[in-house]
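Below is one structure, written out as structure tokens; comments come after it.
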Amino acid sequence: MSSLNVYTMPDHTTPIYTPPTWKHYMNIEYIEINFTGLRKDEDIIQCVADAVEMGLQREDKSVRALVYLKDSTTSPNAIRSIKKLGKMVQPKLKKSALVGSVGIVSLLMKIYISYTGSKIKFFTDKEAAIRYLIND
């Protein structure tokens, strides 16, 4: 019996995970976390873990976070991991804003918020979210 070699075209429509980064706006620093288009649990968990690690490096409650969450999906198992990670970083967060959450993702975010105690604010507009983050 001969083996069947199957060639599949690479999926170029799936975004590649990019780590969170520190950004600045009007001399205010914030972490930009972009989940847009991510569908693999490993990528989403890694993104959260990287952002949490960045936040935990701060000695005080000064971390501001801007989260983009559009066209992403995840599983209940990933949400369990994300909740635990999110709870760890809450003492370091000063403000956080989420742009783009709709539908089932909004429900999952509400589960996250109830578990972690996050005070994240929801926005549909990036500029409004940034204004919120930089205003004390």
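Points worth noting:
- Residues of the stretch 78-126 that are within 20 Å of Glu59 (Cα to Cα) and in contact with a Gly (Cβ under 8 Å, 6 or more places away or on another chain): Lys87, Val89, Gln90, Lys92, Leu93, Thr116, Ser118.
- Leading residue by the ranking (modelled with the highest pLDDT) among those in the stretch 58-93 that are in a helix (DSSP H, G or I), over 22 Å from Ile28 (Cα atoms) and out of contact with any helix residue (DSSP H, G or I) (no Cβ under 8 Å at 6 or more places or on another chain): Lys84
- Residue that is modelled with the highest pLDDT, among those in the stretch 94-112 that are assigned to a helix (DSSP H, G or I) and among the aliphatic types (A, V, I, L, M): Ile111
- Selection of the stretch 117-136 for residues being touching a Leu at 6+ places or on another chain (Cβ under 9 Å), part of a helix (DSSP H, G or I) and not hydrophobic (A, V, I, L, M, F, W, C) yields only Lys126.
- Scanning the stretch 19-57 for residues that are part of a loop (DSSP other than H, G, I, E, B), closer than 17 Å to Asp71 by Cα and not aromatic (Phe, Trp, Tyr) turns up Thr36, Gly37, Leu38, Arg39, Lys40.
The values are calculated or read from the model by the stated rules, or taken from the named source; none is laboratory data. The model shown is predicted, which means the values in this text are computed figures rather than measured ones. Because the Cβ atoms are built from the backbone with ideal geometry, glycine has one as well, and the counts that use them run over all protein chains shown.
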